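*Asks:* Once you've had a glance at the structure underneath, I'll fire off some questions.
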Amino acid sequence: MAHEEDDLIQIYAQSFRDNWGLPALTEYVGGNSMTYGDFARHIARTHTFYKECGLKPGDKVALVGKNTISWVTTFMATITYGAVIVPILQDFNPQDMQHIINHSESQLLFVADSIWEHLEFEKMPKIKVAMSLDSRKVLAEHPSNSGKATRAIAELPRKFKTAYPKGYTPADINYPSFPKDSVAVINYTSGTTGFSKGVMLTLDNLAGNVVYGLKSKLHFRGSRCLSFLPLAHAYGCAFDMLVPLGAGTHVTLLGKMPTPKILLKAFAEVKPNLILLVPLILEKMYRNQIQPLLQQPTMRRLLSLPLVNKAIYRKINKKLSDAFGGEFAEVIVGGAPINPEVEAFLRKIHFRYTVAYGMTECGPLISYRDWRYFILGSSGRTLEHIMESKVLSPDQANIPGEICVRGQNVMKGYYKNPEATEAVLDEEGWLHTGDMGTISDDGTIFIKGRYKTMILSGSGQNIYPEEIEAKLNNMPYVAESLIVDRGKKLVALVYPDYEAMDAAGVTADDLPRIMEEVRLDLNKLVAPYERIDEMQLRPNEFEKTPKKSIKRFLYT
């Protein structure tokens, strides 16, 4: 029996008992709500269904749909039953979904009706039963299952009543404990380098993240959380669901596209105590709302006056904080590098933000630091007592090298892919992250860019395209960019900001001249060996992964 404090399953059993009457989950659209007691009861009903279907601990259950109460219930019911959940991002195309379902050998599929329409049941031969996430009804059942699931659903109310004649109470929550190295989740990454790999995360990997979140009081009993990142992704999964449900937090599931307009309204209503963001959201707010304000002549004059500028920055900070609901302890930025100019400005106005670093292979957390101690330009400090980190370079504090990490959060490996596992996990248990950077003596991580995207200049200098792109993306009329190596030439592929052009009355004929000015201005900001030789304009946005990272491999 594992120690209760870090036995993931027992953390939830205890939380559901302790927080029985508190609100657990609310759907922002439609307002469906559930207390921890209701939630535990729904989990127990799902367990009864699993048993009747003959599902065994270790069997796989695939799950695909948007963030809903039904989605969360299926996820939590599966891991507390000892089965393995395979969450699939709903942004994947149907062929990729079917490939993942088949590759993972899932036997049960829980799927949103809107996605089910595009899947072909006969092309998923291992699936015994497909269940609707919307109605919890049987969508399809394999003949070999001889109607077991259909009968189980029909008999569920009677079976449940027989099992709990006095109703389901806190005393009835009794989840078994499983070995800590049991796989709990197989998370298929959407890698920016091509095909998907199934990351096997164990109960212990998840416990490393959850216990850290609980001890750091990132979420706490009665706190509020707005979940809008996909829960099928490790970042949202750990800190918008797994940690909050272990703490007794009230999670509101946004359940719709997190456009700035929708988010601002939801922040104002929910007033979350902790906010998880990808940099894109902060960068858009900075670019669309703050930058135009700072560039007004009057504002520039006022900002040059030392005492006045402090008051203005305080005002901007308050406005930005209020936009996020005003009651958050901090905003944690993760999932991609944040633009340095945006970051420097947030620090200048004392905005409560920090940058964390992680990857699906660590479920996800590697480093984090509270915003008050966070070092500008870093990605936080390696998690003490949980993870250790090193850089493969002769001087890890000053010379960038590949970042390697080891510890409790590191995955078991890639499912049915020993070659890919051996390529990233060495004999000593170090995970080679593929990220380049430096690490200071206290374990603070500074990321330069991806190992695979690094370009070697003609003079032997390392060029990190992400650093140049961050500068270029701040330039006028640039929406997004990629720096690529084209036969000893550095070329910037640019998707222009057509919205900004329209607003300023800039025509397509003006673009080549403007972009040449942008190129010359950019070359003043970078090292001589990083200068851009040519700009190539693109008519369409770059193709992206569900995490909104550009699929570089398509363009390099």
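*Asks:* Sum up the charges of everything whose Cβ sits under 12 Å from the Cβ of residue 486, counting Lys and Arg as +1 and Asp and Glu as -1, but leave residue 486 out.
*Replies:* Charge balance near residue 486 sits at -1.
*Asks:* Looking at this model, which pairs from 265/544; 261/551; 60/551; 180/256; 256/318; 60/261 are more than 32 angstrom apart at the alpha-carbon?
*Replies:* Those over the limit are 180/256; 60/261.
*Asks:* Okay, next question. On a C-alpha basis, how far is the centre of the stretch 306-365 from the centre of the stretch 219-273 in Å? Whole number, if you could?
*Replies:* For the stretch 306-365 versus the stretch 219-273, the Cα centre distance is 17 Å.
*Asks:* Do you know the relative contact order of the chain, to the nearest whole percent, from alpha carbon pairs under 8 angstrom that are 6+ apart?
*Replies:* 11 percent
*Asks:* How fast does the stretch 152-238 diffuse by Stokes-Einstein, in µm²/s, taking the Kirkwood radius from C-alpha pairs at 10 °C and 1.306 mPa s?
*Replies:* Working: Rh = 16.8 Å.
Approximately 95 µm²/s, per Stokes-Einstein.
*Asks:* Roughly how many debye, to the nearest 20, is the charge dipole of the chain about its Cα centre, given +1 on each Lys and Arg Cβ, -1 on each Asp and Glu Cβ, and no other charges?
*Replies:* Values: 64 positive and 62 negative charges, 307 e Å.
Taking the Cα centre of the chain as origin, the dipole is about 1480 debye.
*Asks:* May I ask for the Kirkwood hydrodynamic radius of the stretch 258-396, worked out over all distinct Cα pairs and given in angstroms to one decimal?
*Replies:* One decimal place: 16.5 Å for the Kirkwood radius.
*Asks:* Between the helical axis of 148-163 and the dominant principal axis of the chain, each derived from Cα atoms, what acute angle in degrees is found, rounded to the nearest 10?
*Replies:* Relative to the chain, helix 148-163 is tipped by roughly 70 degrees.
*Asks:* Related question: Under 13 Å Cα-Cα from residue 471, which aspartates and glutamates qualify once same-chain neighbours fewer than 8 residues away are excluded?
*Replies:* Correct list for residue 471: 283, 341, 343, 480, 521, 530.
*Asks:* Another question, then. Explain nothing, just the number: relative contact order of the stretch 1-129, from Cα pairs under 8 Å at least 6 residues apart, as a whole percent.
*Replies:* Values: 163 pairs, mean separation 25.7, N = 129.
Relative CO of the stretch 1-129 lands at 20 percent.
*Asks:* Can you give the relative contact order of the stretch 58-134 as a percent, counting alpha carbon pairs under 8 Å and 6+ residues apart?
*Replies:* 37 percent
*Asks:* Could you let me know the centre-to-centre spacing of the stretch 55-89 and the stretch 127-153, using Cα atoms, in angstrom?
*Replies:* The two parts, judged by their Cα centres, are 15 Å apart.
*Asks:* Would you list which aspartates and glutamates come within 19 Å of residue 217, measuring only between C-alpha atoms, while excluding same-chain residues fewer than 8 positions from it?
*Replies:* Leaving aside aspartates and glutamates fewer than 8 places away in the same chain, those within reach of residue 217 are 4, 5, 6, 7, 18, 240, 327, 330, 370, 384.
*Asks:* From the backbone phi of the stretch 101-117, what are the Karplus-calculated ³J(HN,Hα) couplings (6.51 cos²θ - 1.76 cosθ + 1.60, θ = phi - 60°) in whole Hz, Gly and Pro given as x?
*Replies:* Once θ is set to phi - 60°, the couplings for the stretch 101-117 become 4, 6, 4, 7, 6, 5, 9, 10, 10, 9, 9, 5, 4, 5, 8, 4, 3 Hz.
*Asks:* Give a residue-ordered list of calculated ³J(HN,Hα) values for the stretch 220-228 (Karplus: 6.51 cos²θ - 1.76 cosθ + 1.60, θ = phi - 60°; whole Hz; x for Gly, Pro).
*Replies:* Along the stretch 220-228, the couplings run 8, 4, x, 6, 10, 9, 10, 9, 10 Hz.
*Asks:* State the answer as a single residue: which of 333, 386, 223 lies farthest towards the positive end of the charge dipole of the chain, with beta carbon charges of +1 for Lys and Arg and -1 for Asp and Glu, about the Cα centre.
*Replies:* 223
*Asks:* Using the Karplus curve 6.51 cos²θ - 1.76 cosθ + 1.60 with θ = phi - 60°, work out ³J(HN,Hα) for each residue of the stretch 278-295 in order, rounded to whole Hz, and write x for Gly and Pro.
*Replies:* 9, x, 3, 5, 5, 5, 5, 4, 5, 5, 8, 10, 8, 4, x, 5, 5, 8
*Asks:* Between residue 537 and residues 5 or more places away or on another chain, which pairs have amide H atoms under 5 Å apart, with H built 1.01 Å from N, and which residues are they?
*Replies:* Residues meeting the amide H criterion: 494.
*Asks:* Once ligands and nucleic acids are excluded and a 1.4 Å probe is used, how much of residue 534 is accessible, expressed in Å² to the nearest 10?
*Replies:* 60 Å²
*Asks:* State in Å² the accessible area per residue of the stretch 206-315; use a 1.4 Å probe, count heavy atoms of protein chains only, and round to the nearest integer.
*Replies:* On a per-residue basis, 44 Å².
*Asks:* I've got another one for you. Cα axis of helix 69-81 to longest principal axis of the chain: angle in degrees, 0 to 90, nearest 10?
*Replies:* Helix 69-81 sits at roughly 60 degrees to that axis.
*Asks:* Let me check I've understood the local charge: for residue 401, count other residues with C-beta under 11 angstrom from its C-beta, Lys and Arg +1, Asp and Glu -1. What total comes out?
*Replies:* -1
*Asks:* Then there is this: Any idea what diffusion coefficient the stretch 136-198 gets from Stokes-Einstein, in µm²/s, Kirkwood Rh on alpha carbon pairs, 25 °C, 0.890 mPa s? Kindly include the intermediate steps, with their values, before the conclusion.
*Replies:* Values: Rh = 16.4 Å.
Answer, rounded: 150 µm²/s.
*Asks:* Sorted by mean Cβ packing within 10 Å, highest first, what order do the peptides 355-366, 167-178, 125-136 take?
*Replies:* 355-366, 125-136, 167-178
*Asks:* Counting each DSSP H run of 4 or more residues in the chain as -39500 (n - 2.57), what helix-only mean residue ellipticity at 222 nm follows after dividing by all residues, to the nearest 500 deg cm²/dmol?
*Replies:* -10000 deg cm²/dmol
*Asks:* Moving on. Whose amide H sits under 5 Å from the amide H of residue 478, counting only residues 5 or more places off or on another chain, with H placed in the peptide plane?
*Replies:* 497
*Asks:* Report the local net charge at residue 440: Lys and Arg +1, Asp and Glu -1, summed over other residues whose C-beta lies under 13 Å from its C-beta.
*Replies:* 0
*Asks:* Please express the Cα-Cα pair-distance distribution P(r) of the stretch 457-556 as a list of whole percents, one per 10 Å bin, running from 0 to the bin with the greatest distance.
*Replies:* Answer for the stretch 457-556: a P(r) of 14, 49, 30, 6, 0 percent.
*Asks:* Could you tell me which chymotrypsin sites (Phe, Trp or Tyr not before Pro) in the stretch 480-556 are loop residues by DSSP with no more than 15 other beta carbons within 10 angstrom of their beta carbon? List each step's numbers first, then the result.
*Replies:* Details: sites: 498, 529, 542, 553, 555; in loops: 542, 555.
In loop regions of the stretch 480-556 (DSSP not H, G, I, E or B), the sparsely surrounded chymotrypsin sites (Phe, Trp or Tyr not before Pro) are 555.
*Asks:* Find, among the trypsin sites (Lys or Arg not before Pro) in the stretch 389-456, those assigned to loop by DSSP (not H, G, I, E, B) with at most 16 other beta-carbon atoms within 10 angstrom.
*Replies:* 416
The values are calculated or read from the model by the stated rules, or taken from the named source; none is laboratory data. None of the values given here were measured: they were computed from a predicted structure. Using ideal geometry, Cβ is built from the backbone for each residue, glycine included, and neighbour counts are taken over all protein chains shown. All accessible areas refer to the heavy atoms of the entire protein, side chains included, with ligands and DNA or RNA removed. Shrake-Rupley method; radii C 1.70, N 1.55, O 1.52, S 1.80 Å.
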